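Below you'll find the structure I mean.
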Amino acid sequence: MEGGTARLPDSRAVLVSKEVNIMPFDIPHMISGLVAAAAIPASMLGAADWLLDGPAEIPFPVAQTVAVSGRVAFPLPGEFLRDGRPVAAPRRLEEIAAFEIMTYQVSVLDYRRCVDAGACRPADAAPGQALRTPATGVSHVDAEAYAAWYSQATGERWRLPSAAEWALAAGERFSGDDLPVVADADNPAERWLSAYRAESARERTPVAEPQPRGAFGANAHGVYDLAGNVWEWTSTCYVRSTLAVGGREIATAVENCGVHVLEGRHRAYMSNFIRDGKSGGCAVGVPPDNLGFRLVREPRGETFVARLRDAVRGLFR
Amino acid sequence: MITRREAFMGATMAAVVAGMPPFTSKAKAAVGRPDIAALPRQKVTLVAPPFVHTHEQVATGGPKIIEFTMTIEEKPMVIDDEGTTLQAMTFNGSVPGPLMVVHQDDYVELTLVNPESNSLAHNIDFHAATGALGGGELSLVNPGEQVTLRFRATRTGTFVYHCAPGGAMIPWHVVSGMSGAIMVLPRDGLKDEKGQPLRYDRIYYIGENDFYIPRDKDGRYKSYESPGDAYQDTMELMRGLIPTHEVFNGRVGALTGDNAMAAKVGETVLIVHSQANRDTRPHLIGGHGDHVWEEGKFANPPAKDLETWFIRGGSAGAALYTFLQPGIYAYVNHNLIEAVELGATAHFMVEGAWDDDLMAQVEAPKPIATN
């Protein structure tokens, strides 16, 4: 399905306007602008792909994004204990600063450009996938590498969304953790059994194979393919928290940033190097069909300041 | 020009021609041998694994003729969550074929039906039977034929049966799904090492299969129009001896989720496990084998308190366990690569009260204490 194709903006125009944004005294921007320029010929090598894939792709498009801001109520990621017993994740209402999120997940073609530039490892996805299919078979490490390369290539600051940002962008498609936490203090097996039943009852995705972008449609914000069959890496670490006795405040928390949160049809936690959800899961439970990602773009002002700061820091390194 | 079907049948025609005349029920009653014609008959309807048809654990009365019918079905079967398809050959439509249960000295009388819609000749080799290649020589049926074979269940235990139509057809039919098991119980039931009776509240039959699905040049699993179309590629892959799938009951996840096996705390479960082709080593994670007939033969005393037991390729074993704790148990082939990566994992969902005496989390995870 090519439902998203018609909605693609003229990305060339975006590219031009970006060049206009390069200010004479913005040295870091100029450097990255040069990198972007250098990246264009490399990506032109993919021109044949572009011809095969249809006219919507241009040699080096900057991703289309949707601006999101507001408040989101969502269950905190991680595992929560109170009195030494697992409890349901507390729900929090968070005000999220404005950000832009990619309308579509990073595609096979997008990711290939990073691979061609020598900045990303080839994905583990099945060969022969359509170029407009989301890039899958990618780990958190790969997603971070792509974000770093893409930021440099575009002269902008791109990063993975936090779990809270993802929840806000996902809107009505957000599910979070929905496994029941049965509180039978004397029988931990009640929780395992009820969670197992709930997992078994989960509706499976109709197809496990990644579909062309747009196949799962847009949500109310106009963000496509959320909670389809590709789970998305976030920048949020797995954390185990102990709640204050009788309260909802977190008393202690131990973060494990070797494991990150993935959001999708349900929430998942995977080691950073895992590229295939099926082999990254626990002994029991329904694993994600595929692992992929989309990025968020930080506001430009922040980018300029951050880059200046980074450049200054670099001088003293 | 011969058709593919004729070519496959050709390999087995010689066996048919050389076949012995069919048995008659007029065989003379010899000493210690009952008059078969006078024996009571009992018809049993088989059920698909992991379930087992109702049966007595301790036989009432003398030996009987137990009548079974199995229809061979050749059909494509999905064997994993990605939709990979096997051109399966099945006894009675399931992989593995159903578990048959009789008692020692009963006569097993199987009618094997090979419908016209199938493309290949098939037969059955019972490891529990004596002579004629386990009955294989007397049971070869072409599409459109049926045959009835009778054998006396002289030895107790769990035994594999499988299709064995000759030559390269034998391993190919087996890795296409054509195997199952029969359990011959002692007439007075199972016993422990001291001869004390053992009973089970539930019985499950797990058949483990190694599958070899060829891939295309892009690394994707190929699907084929018919078993014959899959033959060449599959044989080539089989000869490398590395399965692409190692599964319980015909597919990855056949015994998990909604299809997880059920039990209750305090219940004793008999798990019959067969693998017609390849060694395996069942292990119940979080449980044990209280009494295990690793080789499956009840004339030998059961081993006790096993953590993992070994089922030789081409045999069936039996393990008896009384569940003591509730929860989710994974029952795996404890080559964990085969369990997790290739699919050999099943689950038990066990209901009941938790026993703190057996296990407790003394202190939940918390930040490491610093002084």
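Could you list, in sequence order, all residues of the range A:203-244 that are β-branched (V, I, T) and in contact (Cβ under 8 Å) with a residue 60 or more places away in the chain?
A:T205, A:V223, A:V230, A:T234, A:T236, A:V239, A:T242
Looking at B:T234, B:T268, which is the one that is surrounded by fewer than 21 Cβ atoms within 10 Å (Cβ to Cβ) and at pLDDT 95 or above?
From the options B:T234, B:T268, the qualifying one is B:T268.
Let me ask something else. Pick out the one residue from A:A153, A:A125, A:A130 that is of a type in the set (G, A, S), crowded, with 18+ Cβ neighbours inside 10 Å and within 14 Å of chain B (Cβ to nearest Cβ).
A:A125
Here's a follow-up. Inside the range A:177-214, can you point out the residues that are in a loop (DSSP other than H, G, I, E, B), over 23 Å from A:A135 (Cα atoms) and modelled with pLDDT of 85 or more?
The answer is A:N187, and nothing else.
Mind checking which residues of the range A:165-215 are within 14 Å of another protein chain (Cβ to nearest Cβ) and in contact with a His (Cβ under 9 Å, 6 or more places away or on another chain)?
A:L179, A:Y196, A:E199, A:R202 - these are the residues of the range A:165-215 that are within 14 Å of another protein chain (Cβ to nearest Cβ) and in contact with a His (Cβ under 9 Å, 6 or more places away or on another chain).
Against the conditions (1) away from chain B (no Cβ under 14 Å); (2) within 30 Å of B:E363 (Cβ to Cβ); (3) without any contact (Cβ under 8 Å) to a residue 12 or more places away in the chain, where does A:A88 fall short? Just the number, please.
So A:A88 meets the others, but not (3).
Now a separate question. Please go through the range B:51-84 and give me each residue that is within 14 Å of chain A (Cβ to nearest Cβ) and not hydrophobic (A, V, I, L, M, F, W, C), ordered by number.
B:D80, B:D81, B:E82, B:G83, B:T84, listed by residue number.
Then there's this: Could we say that B:V265 is more than 30 Å from A:G78 (Cα to Cα), among the aliphatic types (A, V, I, L, M) and facing chain A (nearest Cβ under 10 Å) here?
For B:V265, the condition - more than 30 Å from A:G78 (Cα to Cα), among the aliphatic types (A, V, I, L, M) and facing chain A (nearest Cβ under 10 Å) - is met.
So which pairs qualify, if the first residue must be in the range B:346-359 and under 12 Å from B:E267 (Cα atoms), the second must be basic (K, R), the Cβ gap must be under 6 Å, and the two must be at least 6 apart or on different chains?
Pairs that qualify, where the first residue is under 12 Å from B:E267 (Cα atoms) and the partner is basic (K, R), are B:E351/B:K264; B:G352/B:K264.
Scanning for something more than 14 Å from chain B (Cβ to nearest Cβ) and assigned to a loop (DSSP other than H, G, I, E, B), does the range A:228-241 turn up at least one residue?
Taking every residue of the range A:228-241 in turn, at least one turns out to be more than 14 Å from chain B (Cβ to nearest Cβ) and assigned to a loop (DSSP other than H, G, I, E, B).
Residue-wise test of (1) farther than 23 Å from B:I271 by Cα; (2) touching a strand residue (DSSP E or B) at 6+ places or on another chain (Cβ under 6 Å); (3) modelled with pLDDT under 90; (4) surrounded by fewer than 17 Cβ atoms within 10 Å (Cβ to Cβ).
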{"position": "B:P21", "(1), (2), (3), (4)": "yes, no, yes, yes"}
{"position": "B:A27", "(1), (2), (3), (4)": "yes, no, yes, yes"}
{"position": "B:A30", "(1), (2), (3), (4)": "yes, no, yes, yes"}
{"position": "B:V44", "(1), (2), (3), (4)": "no, yes, no, no"}
{"position": "B:V52", "(1), (2), (3), (4)": "no, yes, no, no"}
{"position": "B:G62", "(1), (2), (3), (4)": "yes, no, no, yes"}
{"position": "B:M70", "(1), (2), (3), (4)": "no, yes, no, no"}
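Continuing with this model, one more query. In the range B:286-371, which strands (runs of 3 or more DSSP E) lie fully inside it and hold 1 or more residues that are away from every other protein chain (no Cβ under 14 Å) and among the acidic types (D, E)?
Filter on the range B:286-371 gives B:289-293, B:303-306.
Something else now. Of all residues being surrounded by fewer than 21 Cβ atoms within 10 Å (Cβ to Cβ), aliphatic (A, V, I, L, M) and in contact (Cβ under 8 Å) with a residue 12 or more places away in the chain in the range A:251-264, which is nearest to the other protein chains (Cβ to nearest Cβ)? Just the residue, please.
A:V254
If you go through the range A:86-100 one residue at a time, do you hit one that is buried (at least 19 other Cβ atoms within 10 Å of the Cβ), under 24 Å from A:R275 (Cβ atoms) and in contact with a helix residue (DSSP H, G or I) (Cβ under 8 Å, 6 or more places away or on another chain)?
For the range A:86-100, residues buried (at least 19 other Cβ atoms within 10 Å of the Cβ), under 24 Å from A:R275 (Cβ atoms) and in contact with a helix residue (DSSP H, G or I) (Cβ under 8 Å, 6 or more places away or on another chain): absent.
Here is a further query. When you check B:D290 against the structure, is it in contact with a Ser or Thr (Cβ under 9 Å, 6 or more places away or on another chain) and not hydroxyl-bearing (S, T, Y), yes or no?
Against the criterion (in contact with a Ser or Thr (Cβ under 9 Å, 6 or more places away or on another chain) and not hydroxyl-bearing (S, T, Y)), B:D290 qualifies.
Could I ask something else about it? Tell me, which strands (runs of 3 or more DSSP E) lie completely within the range B:31-110 with 2 or more residues that are touching a helix residue (DSSP H, G or I) at 6+ places or on another chain (Cβ under 6 Å)?
B:85-91
Might you check whether a residue that is farther than 24 Å from B:A129 by Cβ, among the small types (G, A, S) and touching a Phe, Trp or Tyr at 6+ places or on another chain (Cβ under 9 Å) occurs anywhere in the range B:267-278?
no
Listed here are the residues, each with its yes/no results for (1) charged (D, E, K, R); (2) in a loop (DSSP other than H, G, I, E, B); (3) more than 14 Å from the chain's Cα centre (by Cα).
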{"site": "B:A129", "(1), (2), (3)": "no, yes, yes"}
{"site": "B:G135", "(1), (2), (3)": "no, no, yes"}
{"site": "B:T148", "(1), (2), (3)": "no, no, yes"}
{"site": "B:F159", "(1), (2), (3)": "no, no, no"}
{"site": "B:A164", "(1), (2), (3)": "no, yes, yes"}
{"site": "B:W172", "(1), (2), (3)": "no, no, yes"}
{"site": "B:G180", "(1), (2), (3)": "no, no, no"}
{"site": "B:M183", "(1), (2), (3)": "no, no, no"}
{"site": "B:K194", "(1), (2), (3)": "yes, yes, yes"}
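Filter the range B:218-259 down to the residues that are without any contact (Cβ under 8 Å) to a residue 60 or more places away in the chain, more than 14 Å from chain A (Cβ to nearest Cβ) and more than 25 Å from B:N118 (Cβ to Cβ) and list them by number.
Hits for the range B:218-259 are B:R239, B:G240, B:L241, B:I242.
Only one of B:H273, B:H334, B:H283 is touching a Gly at 6+ places or on another chain (Cβ under 8 Å), in contact (Cβ under 8 Å) with a residue 12 or more places away in the chain and of a type outside the set (A, V, I, L, M, F, W, C). Can you tell me which?
The unique qualifying residue is B:H273.
Oh, and also: Need the failing condition index for A:A218 against (1) within 14 Å of chain B (Cβ to nearest Cβ); (2) of a type in the set (A, V, I, L, M); (3) surrounded by fewer than 19 Cβ atoms within 10 Å (Cβ to Cβ), just the number.
(1)
Can you tell which of B:P367, B:P301 is at pLDDT below 95 and surrounded by fewer than 22 Cβ atoms within 10 Å (Cβ to Cβ)?
After ruling out the rest, the residue left standing is B:P367.
The values are calculated or read from the model by the stated rules, or taken from the named source; none is laboratory data. Values in this document were obtained by computation on a predicted structure and should not be read as measured data. Quick reminder, even Gly has a Cβ in these numbers, built from the backbone with ideal geometry, and neighbours come from all protein chains shown.
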